[in-house]
Amino acid sequence: MHLSLADFHPVADGETLDTDCFQRALDQLAQQGGGTLTVPAGRYRLGTLTLGSHLNLHLAAGATLLASQSVEDYQRCLAQSQAELSQHVLLYAVGQRNISISGKGVIDGDGEAWFAAEKDEQGYRQPRPQRPRIIVFEDCEQVTLREFTIVQAPMWTVHLVSCRHVHIEHLTIDNAMTMPNTDALDIDSCEAVFVSNCYLSAADDAICIKTTQKPAPLRRAARQIMISNCQLRSYSCAFKIGTETFDDVEDVTVSGCTIFDSNRAIGLLSRDGGSFRRLLFSNLTLACHLAPPCHWGKADALFVSVRARDPAIVPGVIEQLQFSNVSGVMEGAINLHSEVAGQIREVMLSNVQLRQVAAEGQGYYDVRPPCNPESPTGMGLDNAYKLDSQTGQAFGVAAYPHGLPGLYARGVENLQLHNVTIVRPQPLPTGWHSETVQILP
């Protein structure tokens, strides 16, 4: 069945709420077993919408869905999952099957309305509480996101929770680089996920795989995830696994991607008990530059870290990890850091060619989170951005011993380096380690 939103007489002036009009159309499709709802050109201001099975929400060229600036407009249905303690969401589905969003239209999160106008001393624009995510699908199967664009998300942009058989292609997410914690794509406890030919840009992570703490029916491992031919941009980490990993992450392949204008290219952070295994990265180009201190990382090309968050939980191991055919520029280093020896193991780097360039503020590594000794399990400003009065740096940020190396490995078991070349300036800048590769027991 095909319906046009025009038949439900929306106002489409960009100011008047059209939520009820949209929901009536979606509910009619659900009652008749599904179909396509086409949204014609226009500007539609919306609060929360719930989507059903066998549904295609098609955004025609010129159609813009504008997220409401008011918390009250997101009370219709709260997500089971949370992000920064918020359960608010613009487009929501739970337990549905064969659900898609497509078209040449735009979803505008109106993010500026949710942040302070000025940055604090760490470059952080303080957010309003209860920011909404743009798309949250929970426990859904056969999910497709294709061709449309999302801009200015105020919170995590697309959050897929415990979904199976997900296809994302030709999706554009272009968030403001001044708004932190606006991850472009969060793949949370999902299985059989394919992401290709996308442009994903955010001040926070561009793609992040998680296995967050969530209600029991939604707790699963994340596995069988393929990312290919994407452009990734992030002031935090362009591609990240973690830090919230309460269950395992397995069988992830990332290939043919370009990472640019990013603080950290690849980040794998085990903290909460789940193990990572069989992770393959190949045919990548990257450019890493130092970002404001509120963002985790120090221009690391590759960052692998295992350390405890909760003293009662042993972090999972990271094993069977490969990086091959990687080329790029970095202002930081490759950093493989296991707080307890042997929790990172079976790591291979082959055909890696990087140029390490000089920049102001170099010489530090960053293992956030967690680091604040007064609140080891704390989140956000309480932990990740808490300053150590003795160093003036955030807890978890410290100087490399004896200066900045090209590759730093601590506590890594069975590390293999094959044709790894890191070109450094000559003579070495002040504060750089004399050895390119520094491997500690």
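Laboratory data are not the source of any read-out in this text; all were calculated from the coordinates shown. What you see is a predicted model, and the numbers here were worked out from it, not measured in a lab. Cβ atoms come from the backbone with ideal geometry, glycine included; neighbour counts cover every protein chain shown.
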Inset, instruction - Calculate the length of the line joining the C-alpha centroid of segment 364-409 to that of segment 23-59, in whole Å. - result: 46 Å
Inset, instruction - Report Rg(Cα)/(2.2 N^0.38 Å) for segment 1-62, keeping two decimals. - result: 1.03
Inset, instruction - Go through segment 333-349 residue by residue and turn each phi into a ³J(HN,Hα) via Karplus (6.51, -1.76, 1.60, θ = phi - 60°); whole Hz please, and just put x for glycine and proline. - result: 9, 7, 10, 10, 9, 10, 4, 10, 4, x, 7, 10, 8, 6, 10, 10, 10
Inset, instruction - Find which of Gln82, Thr430, Tyr199 sits farthest along the positive direction of the dipole of the chain, computed with +1 on the beta-carbon of Lys and Arg, -1 on that of Asp and Glu, about the Cα centre. - result: Thr430
Inset, instruction - Can you tell me which of 356-362, 126-132, 85-91 comes out highest on packing, and rank the rest after it, using the mean Cβ neighbours within 10 Å? - result: 85-91, 126-132, 356-362
Inset, instruction - Could you please tell me the mean projected area of the C-alpha convex hull for segment 288-441, averaged over all directions and given in square nanometres to one decimal? - result: 9.1 nm²
Legend entry - Rg ratio (alpha-carbon, reference 2.2 N^0.38 Å) - segment 225-338: 1.02
Inset, instruction - Subtracting the Cα-Cα distance from 0.36 nm times the residue separation, let me have the gained length for Asp120 to Asn283 in nm, one decimal. - result: 54.9 nm
Inset, instruction - Report, in debye and to the nearest 20, how large the dipole of segment 1-106 comes out about its Cα centre when Lys and Arg carry +1 and Asp and Glu carry -1 on their Cβ. - result: 340 debye
Legend entry - Estimated [θ] at 222 nm from DSSP helical runs (n ≥ 4, -39500 (n - 2.57)) normalised by residues in the chain, nearest 500: -1000 deg cm²/dmol
Legend entry - Unit charges on C-beta of K, R, D, E only; dipole of the chain, Debye: 700 debye
Inset, instruction - Report relative contact order for the chain in percent, whole number only (criteria: Cα-Cα under 8 Å, sequence separation at least 6). - result: 8 percent
Legend entry - For segment 140-212: relative contact order, % (alpha-carbon pairs under 8 angstrom, 6 or more apart): 33 percent
Inset, instruction - Only Cα pairs under 8 Å and at least 6 apart count here; give the relative contact order of segment 23-119 as a rounded whole percent. - result: 31 percent
Legend entry - Distant-in-sequence amide H partners of Ala176 (H built 1.01 Å from N, under 5 Å): Gln152, Ala153
Inset, instruction - Calculate one ³J(HN,Hα) per residue across segment 33-42 by plugging θ = phi - 60° into the Karplus curve 6.51 cos²θ - 1.76 cosθ + 1.60, and present them in order as whole Hz with x for glycine and proline. - result: x, x, x, 10, 10, 8, 9, x, 3, x
Legend entry - Links that overshoot a 23 Å alpha carbon limit, given the list Lys119/Lys210; Lys104/Lys214; Lys119/Lys386; Lys240/Lys298: Lys119/Lys210; Lys104/Lys214
Legend entry - Positive-end residue, segment 122-186 charge dipole about Cα centroid, Cβ charges, pick of Ala153, Ala184, Ile168: Ala153
Inset, instruction - Using the Karplus curve 6.51 cos²θ - 1.76 cosθ + 1.60 with θ = phi - 60°, work out ³J(HN,Hα) for each residue of segment 394-403 in order, rounded to whole Hz, and write x for Gly and Pro. - result: 5, 4, x, 9, 8, 6, 4, x, 6, x
Legend entry - Dimensions (Å) - segment 1-116, Cα atoms, principal axes, largest first: 43, 32, 22
Inset, instruction - With only Lys, Arg, Asp and Glu charged, each at its Cβ (+1 for the first two, -1 for the last two), find how big the charge dipole of segment 363-441 is about the Cα centre; round to the nearest 20 debye. - result: 180 debye
Legend entry - Where only C-alpha atoms are counted, convex hull volume of the chain per residue in Å³: 124 Å³
Inset, instruction - Pull up all non-local amide H partners of Ser53: gap of 5 or more, or a different chain, and H-to-H distance under 5 Å with H placed in the peptide plane. - result: Arg97
Inset, instruction - Compute the normalised compactness of segment 60-164: alpha-carbon radius of gyration over 2.2 N^0.38 Å, N being the residue count. - result: 1.12
Inset, instruction - Taking the chain as the reference, fit the longest principal axis to its C-alpha atoms, fit the long axis of helix 19-31 to the helix C-alpha atoms, and give the angle between the two in degrees, 0 to 90, nearest 10. - result: 80 degrees
Inset, instruction - Take every Cα-Cα distance within segment 133-267, group them into 10 Å bins from 0 onward, and report for each bin the whole-number percent of pairs it holds. - result: 14, 49, 34, 3
